[in-house]
1. Does the stretch 3-28 hold any residues that are among the β-branched types (V, I, T) and either without any contact (Cβ under 8 Å) to a residue 12 or more places away in the chain or touching an Asp or Glu at 6+ places or on another chain (Cβ under 8 Å) (or both), and which are they?
2. Here is a check on your reading of the model: is L99 assigned to a helix (DSSP H, G or I) and in contact (Cβ under 8 Å) with a residue 12 or more places away in the chain?
3. Does the stretch 213-229 include one or more residues that are assigned to a strand (DSSP E or B) and under 18 Å from the mean Cα position of the chain (by Cα)?
4. Which one is farthest from D71 (Cα to Cα), of the residues in the stretch 15-50 that are at pLDDT 95 or above and hydrophobic (A, V, I, L, M, F, W, C)?
5. Would you confirm, using the coordinates I've provided, whether S217 is among the hydroxyl-bearing types (S, T, Y), under 17 Å from G120 (Cβ atoms), surrounded by fewer than 21 Cβ atoms within 10 Å (Cβ to Cβ) and at pLDDT 95 or above?
6. Of all residues in the stretch 51-63 being surrounded by 17 or more Cβ atoms within 10 Å (Cβ to Cβ) and not aromatic (F, W, Y), which is nearest to L99 (Cα to Cα)?
7. Cβ-Cβ under 7 Å, sequence separation 6+ or interchain: first residue in the stretch 38-53 and free of Cβ contacts under 8 Å to residues at least 40 places away in the same chain, partner buried (at least 16 other Cβ atoms within 10 Å of the Cβ) and part of a loop (DSSP other than H, G, I, E, B). Which pairs?
Amino acid sequence: MTLRLSTLLRQQLMGVRETYVSTNKVAAVNSGNKLTDSDNKFLTEGFRPGVIFEALGFTEAGNNAIMVAGDITATGPQEMVVVTEVALVDDAADTEITLTMYPQSFRDCFTYGQMAIYTGSQPASADVAPTGTLLLLITEVSVVLVPGGVANGLSWDEPAAGVLGKDGTVWSDVGLATGTAGWFRFYANDYRIAGSGLNFDGAVGTSGAELNLSSTSIVLAATTTIDEFEVTLPLS
């Protein structure tokens, strides 16, 4: 049993900055203080609520600034609400725009994320597509999480002594199928389920696993709640 991190997560934690370059697709909009993308790539490029990034290339100089991503619409044309020091000025999508994301902490990466629980054995790599039957998609109080939104995503306590644990909110879901839980994968908010995304995984058991449940028997339409979950950064 091992906690496995995806390559993208390891790169993020080591300080690699992801960059999205768009030609004549991204515009700035004053109303609602948001960016729009007619190419609909904000989510697939890895933007999610809380990401800090730098925008360059806008005609209006004041729009070339450091921003914090807020809600992102999942349908196109995608809109991303942003927090900026000065309100955006309307700026048409007629130039090459570069959006460079700053690395985030482990906690930041998985705030507003969700956890999928599967049957079978944990894959050898967190970069491969999931195996087994999907039994649960754990969110806050079992409500479906729409990528790009903060509502119903999972949240965490403050880290203490190198340990990051779930907060006091209810982490749960109703069974999507009947089966025995074998492993989990925790996805960032953008939820690239096919693999190669920002995620980590581990084994599921009743003791001694990365995720311990009172029972690994998941029943269709029955609610499973996760009372405790911790990720520990090892001393060595």
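The values are calculated or read from the model by the stated rules, or taken from the named source; none is laboratory data. Bear in mind that the values here come from a model prediction, so they are computed numbers and not experimental data. We place every Cβ from the backbone using ideal geometry, glycine too, and count neighbours over all the protein chains shown.
1. Of everything in the stretch 3-28, those that are among the β-branched types (V, I, T) and either without any contact (Cβ under 8 Å) to a residue 12 or more places away in the chain or touching an Asp or Glu at 6+ places or on another chain (Cβ under 8 Å) (or both) turn out to be T7, V21, T23, V26.
2. no
3. Scanning the stretch 213-229, I find no residue that is assigned to a strand (DSSP E or B) and under 18 Å from the mean Cα position of the chain (by Cα), so the answer is no.
4. Out of the qualifying residues, it is V21.
5. On the way: among the hydroxyl-bearing types (S, T, Y): yes; under 17 Å from G120 (Cβ atoms): yes; surrounded by fewer than 21 Cβ atoms within 10 Å (Cβ to Cβ): yes; at pLDDT 95 or above: yes.
For S217, the condition - among the hydroxyl-bearing types (S, T, Y), under 17 Å from G120 (Cβ atoms), surrounded by fewer than 21 Cβ atoms within 10 Å (Cβ to Cβ) and at pLDDT 95 or above - is met.
6. A55
7. Going by the 7 Å Cβ cut-off, the qualifying pairs are D39/K25.
Table: residues versus (1) surrounded by fewer than 17 Cβ atoms within 10 Å (Cβ to Cβ); (2) more than 22 Å from T2 (Cα to Cα); (3) at pLDDT 95 or above.
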residue: S125; (1), (2), (3): yes, no, no
residue: S142; (1), (2), (3): no, yes, yes
residue: G149; (1), (2), (3): no, yes, no
residue: T178; (1), (2), (3): yes, yes, yes
residue: A188; (1), (2), (3): no, no, no
residue: I193; (1), (2), (3): yes, no, no
